[in-house]
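Written out below as structure tokens is the structure these notes cover.
The values are calculated or read from the model by the stated rules, or taken from the named source; none is laboratory data. On a predicted model such as this, the values are computed, not experimentally measured, just so you know. Backbone-built Cβ (ideal geometry, glycine too); neighbour counts: all protein chains shown. The accessibility values were calculated without ligands, DNA or RNA, using every heavy atom of the protein model including side chains. Shrake-Rupley method; radii C 1.70, N 1.55, O 1.52, S 1.80 Å.
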Amino acid sequence: MSPASGCPRRQVLGGLLGAACVGLGCGPKGEGVAESAAPTCGPTPKPGAPGWWEIPLAEHPALLEVGGQAAVSKPEAYLELLVAQPEPGCYVALWRICSHGSCDVAWEDEVQAAVCPCHGSMFDEVGAVLTGPATEPLRSFPIGRLGESLWVYREL
Ligand code: FES
């Protein structure tokens with residue numbers, strides 16, 4: 001099933017980065033992805049359902065802090081992620097490897113974007129290119145918190 005785009009929560013970047021969806025937790029939705037009825041960030045995880053992968057916060061304590069980020073590997077799901085919490089309770093999960101090369105991107109709160117240290121490409125919270133030289137987006141994944149874990153969705 002091909003995921004469709006969706007943004008359950010909106011904020012718009014203006015000025016520096018131009019208009020962009022900053023609905024944290026925005027991104028592709030697929031089967032098994034529940035949309036929260038409450039105005040929360042991202043989908044409501046479904047632990048145990050196909051496609052949901054656990055990221056225990058105890059393994060990545062930086063993600064407990066607003067502004068925190070972590071490189072998260074989930075080899076069983078073929079995921080190499082940049083996960084960040086730009087706003088309280090709101091997480092982003094992006095493919096970590098820059099689409100321009102092989103450098104790891106990092107989240108920068110000041111510009112609300114993932115930035116590549118090698119040549120300066122910038123990507124918004126759904127992985128869209130804001131600034132080149134990269135021309136291809138980073139893949140983004142639905143992510144939400146449940147208890148003491150984050151859950152990221154990727155259908156295999
Ligand atoms: S490798 Fe990321 S911008 Fe070139």
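General remarks:
- Matching residues in segment 67-104 - criterion: being more than 16 Å from the ligand (Cβ to nearest atom), among the acidic types (Asp, Glu) and within 15 Å of residue 55 (Cβ to Cβ): 76
- Number of residues in segment 129-139 that are open to solvent by 10 Å² or more (accessible area, probe 1.4 Å) and either within 11 Å of the ligand (Cβ to nearest atom) or assigned to a strand (DSSP E or B) (or both): the value is 7.
Each row is one residue, and each column tells you yes or no for (1) at pLDDT 95 or above; (2) open to solvent by 30 Å² or more (accessible area, probe 1.4 Å); (3) part of a strand (DSSP E or B).
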position	(1), (2), (3)
63	yes, no, no
71	yes, yes, yes
81	yes, no, yes
84	yes, no, yes
92	yes, no, yes
99	yes, yes, no
102	no, yes, no
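- Residue within segment 36-57 that is farther than 23 Å from residue 156 by Cβ, in contact with a Pro (Cβ under 7 Å, 6 or more places away or on another chain), more than 16 Å from the ligand (Cβ to nearest atom) and touching a residue at least 40 places away in the same chain (Cβ under 8 Å) present: yes
- Leading residue by the ranking (farthest from the ligand (Cβ to nearest atom)) among those in segment 108-122 that are surrounded by 18 or more Cβ atoms within 10 Å (Cβ to Cβ) and over 19 Å from residue 70 (Cβ atoms): 122
- Filter result for residue 126 (in contact (Cβ under 8 Å) with a residue 12 or more places away in the chain, part of a loop (DSSP other than H, G, I, E, B), crowded, with 17+ Cβ neighbours inside 10 Å and in contact with a strand residue (DSSP E or B) (Cβ under 6 Å, 6 or more places away or on another chain)): yes
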